[in-house]
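Structure, as structure tokens:
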Amino acid sequence: MGSAAELAAAALMLLGYPALMLAALVPSVTAFAAAAAVTYLADHYLHRRSSYLVNRLSKVRAGLSIRFLIRQLLLILLLARLALADDLIYYGAIACFIAFYGLQAPHGALVTLIRNRRRMPVATRNVDLASRIRIPDAPARGLLSRSAEKMLHLDLAAVVGILVSAATESAVAGFVGIGVTIALSSLYVLALMPYVRGRKTPPNAETVLAAVDDWLAGYRPETVLYFSGSKDSAYQVNMWLETMEQLDSKPLIILRERAILNNMAPTTVPVICVPGGVHLMNMDLSTVRVALYAANVGKNIHLLRVPTMKHVFIGHGDSDKLASVNPFSKVYDEVWTAGRAGRDRYAIADVGVRDDDIVEVGRPQLAPIQTWQGVPEGPRGGAADGHSPTVLYAPTWEGWDGNPGNTSIVLAGENIVRQLVQADPPVRVLYKPHPFTGTVSKEAGAAHRRIVALVEQAAAERVTDARFKPDAAAQAQAKAELTRIEARLAELSGKAGDKGDEAEATRDGLVDVAKHEEIGRLRNEWNDAYWRSFPTWEHRVITGAEPRLYDCFNVSDAMVSDISSVVSDFIASGKPYAVTDSAELGVEEFKRQNTAVRAAVILSNGAAELGGLLDAVRDPSADPLAGDRKELKRYLLGPDEPTSLVQFNTAVAGLALKAETRNAGQESPAAAGAVDEVEGAEEAEEVELAVVPGQRVTAAEDSDDVTA
């Protein structure tokens, strides 16, 4: 149900209808009015909360329209039981509800038509279409937002008026209410009609696509990031946005699903969302030389078929998972991995990817992670000096398959946190759980709550410990900074987030670069102020998007986690880390199966080995795995110099050159063959020479290649 309030509202709504029937049969106007009010309010509340229950009721023939119709029929029954069946108000009520439902059809049709016509064949961000085509304003938000619910609630005036008439035996109030309901419903329909014709409708698909091609001809993109997936996979494209912004060549992002576009983070890179396969294949991408793919999906074929560009699989992470060696990867011209480990995975998997098609480019996304410089010199047992080491516990979630090796939180989490908060000399604990923790396993959810309680209790006890003294003035200043920064961020992002419908968002989707840069700067300032807003010795539970995981890496001296990309990313810091063998495979087997733990302190579920991690943090000379971590970092992520971004840009430039060489080689034989064909012709210039195969097709051509 989502919450106790939703459960209560659902119960009231479901019990309200039997109460309405009972009140109608008794009959009792007062009881009927009370029950009707409860059903109206509960229904409205659940819709505002997008409750799971009301979304499923339509599947069992108890949808929104049916619920309103039942209430109106029960009102007619009440009038009959009150011996008003021969009164004019009785017939007026019947006529009103019939007319009211007669208006539902044109209202629903208009809303659907407007939404369909304002759905662009190609939706964009940072693409200037407004100067090329006219895209009118969307209807007022109140007209289309929750339109069915609003239209049905217009019966409220009639229902109230009829109940007043039933109670007072005067038809005046009833007919006034009926008049208001019919008038408002008619006005709602009339208000929608202008948006289905004339200048208030967006241009047709052919005009929009021509404008996009005109923009492409002027922009001349060179490197494309192509992505298709579900709305939950938007993070896979988001992780590449900053890298795309820093490319030396002209970047373009092509998406295939509107849900991805709506969930994509802000960027300065031009973005084109092309849901239709035929529209994509007819798009002029003749200047693109390199196409980057972040996921292996069926819709990749729509761009892979273009021979004038080179195709590269870059993925969305680097781990020992089977997805990292998908046999589908052999369709690309090259596969780019972070370091040598990725190359070795393909060699071991033997899935058809040739070694000379693999290029090591590092992980540009890990640039924000700072390299460890060791715990500052000075005493580490106190807190006033600010030198207590910080240990981050960042377990992953339980997963879908119930494998005990997925997460440490159930079997080991409390043992880990208890030992950390009781450590002597003291350490600070940051607990940042995976946002999905507890969504599948009740045991994981319960363990999470117990760990939160442990951390919060330890934090409260530390406040009363004389060894730990806060700097109240500095923290107050930092909190004031947070308030100021958050207010400015809300001001900047509030208006930008109100993009209207798809047509308006496409028209107005040009990023304000200055605002974008200010938001980035403010987020960095927010992160700095956040860590200064509480004592450096205070234990902390961190949930939500901010501060980000990488920010937690940077303020920590060590981490405890599970097998996931979190460990692979943390290795970039060079800091000591521990990984829990929750499935109890044994140290050697655990390391054999998981490359990323080869330089980790391996913990059992009892976490008895945690002392080794703390010793390494407090005294670098007591860190036997330091050399292993350095070697593993290079193996997994590549060398520190040149930087990953430089390596990535070099790889893009090299592959673009290969594409140019290939295209030039195709053009020369084609031109020579064309000249041979026109020998003896009176005017050779009238004959069109063969050119490099393009990607433009008609709607019927290559229909077998176009997938849903």
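The values are calculated or read from the model by the stated rules, or taken from the named source; none is laboratory data. In this text, all values refer to a predicted model and were calculated from it rather than measured experimentally. Please note: Cβ atoms are built from the backbone with ideal geometry, for glycine as well, and neighbour counts cover all protein chains shown.
Tell me, which residue of the range 205-225 that is more than 28 Å from the chain's Cα centre (by Cα) and among the small types (Gly, Ala, Ser) is surrounded by the fewest Cβ atoms within 10 Å (Cβ to Cβ)? By that ranking, first place goes to GLY218.
Among the residues of the range 219-236, some residue qualifies, meaning at least one is at pLDDT 90 or above, within 18 Å of ASN282 (Cα to Cα) and in a helix (DSSP H, G or I).
The residue that is farthest from the chain's Cα centre (by Cα), among those in the range 240-250 that are surrounded by fewer than 16 Cβ atoms within 10 Å (Cβ to Cβ) and within 14 Å of PRO364 (Cβ to Cβ), is ASP248. Checking LEU14, LEU53, LEU73 one by one, the residue that is at pLDDT 90 or above and either among the aromatic types (Phe, Trp, Tyr) or in a helix (DSSP H, G or I) (or both) is LEU73 and no other. The single condition among (1) crowded, with 18+ Cβ neighbours inside 10 Å; (2) in contact with a helix residue (DSSP H, G or I) (Cβ under 7 Å, 6 or more places away or on another chain); (3) among the acidic types (Asp, Glu) that ASP501 does not meet is (2). Condition check: within 16 Å of VAL429 (Cα to Cα) and not acidic (Asp, Glu). Does PHE553 satisfy that? Yes, satisfied. Applying the criterion of being of a type in the set (Phe, Trp, Tyr) and buried (at least 16 other Cβ atoms within 10 Å of the Cβ) to the residues of the range 24-61, the residue that is nearest to ILE76 (Cα to Cα) is PHE32. If you go through the range 475-492 and pick out every residue that is more than 29 Å from the chain's Cα centre (by Cα) and either polar (S, T, N, Q) or in the same structural domain as ILE542 (by TED's automatic domain parsing) (or both), you end up with 2. Inspect the range 445-466 for any residue being touching a residue at least 24 places away in the same chain (Cβ under 8 Å), part of a helix (DSSP H, G or I) and of a type in the set (S, T, N, Q) and give the result as yes or no. The answer is no, given that none of the residues of the range 445-466 is touching a residue at least 24 places away in the same chain (Cβ under 8 Å), part of a helix (DSSP H, G or I) and of a type in the set (S, T, N, Q). If you go through the range 50-90 and keep only what is at positive phi and of a type in the set (Lys, Arg), you end up with just ARG61. Check the range 460-473 and report whether any residue there is under 16 Å from VAL541 (Cβ atoms), aliphatic (A, V, I, L, M) and crowded, with 19+ Cβ neighbours inside 10 Å. No, the range 460-473 has no match at all. For TYR550, the stated conditions hold: it is in contact with a Pro (Cβ under 6 Å, 6 or more places away or on another chain) and more than 19 Å from ASN403 (Cα to Cα). Residues in the range 355-364 include none that are aliphatic (A, V, I, L, M), outside the structural domain of GLN236 (by TED's automatic domain parsing), surrounded by 14 or more Cβ atoms within 10 Å (Cβ to Cβ) and modelled with pLDDT of 90 or more.
I'd like to check something: does the range 210-222 contain any residue that is β-branched (Val, Ile, Thr) and more than 30 Å from GLU149 (Cβ to Cβ)? Checked the range 210-222: at least one residue is β-branched (Val, Ile, Thr) and more than 30 Å from GLU149 (Cβ to Cβ). The residue that is surrounded by the fewest Cβ atoms within 10 Å (Cβ to Cβ), counting only those in the range 79-94 that are within 25 Å of SER185 (Cα to Cα), among the aliphatic types (A, V, I, L, M) and touching a residue at least 60 places away in the same chain (Cβ under 8 Å), is LEU88.
Listed here are the residues, each with its yes/no results for (1) of a type in the set (Ser, Thr, Tyr); (2) part of a loop (DSSP other than H, G, I, E, B); (3) under 26 Å from the mean Cα position of the chain (by Cα).
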residue: GLY509; (1), (2), (3): no, yes, yes
residue: ALA514; (1), (2), (3): no, no, yes
residue: ILE519; (1), (2), (3): no, no, yes
residue: PRO535; (1), (2), (3): no, yes, no
residue: VAL567; (1), (2), (3): no, no, yes
residue: PHE570; (1), (2), (3): no, no, yes
residue: LYS575; (1), (2), (3): no, yes, no
residue: GLU589; (1), (2), (3): no, no, no
residue: ILE602; (1), (2), (3): no, no, no
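Restricting LEU247, LEU252, LEU241 to those that are hydrophobic (A, V, I, L, M, F, W, C) and touching a residue at least 60 places away in the same chain (Cβ under 8 Å) reduces the list to LEU247. Only helices (runs of 4 or more DSSP H) whose full extent lies in the range 109-204 are considered here, and the ones with at least 3 residues that are assigned by TED's automatic domain parsing to the domain that holds ASN55 and crowded, with 22+ Cβ neighbours inside 10 Å are 156-168, 172-192.
Going through (1) more than 44 Å from the chain's Cα centre (by Cα); (2) part of a helix (DSSP H, G or I) one by one, PHE68 falls short only on (1).
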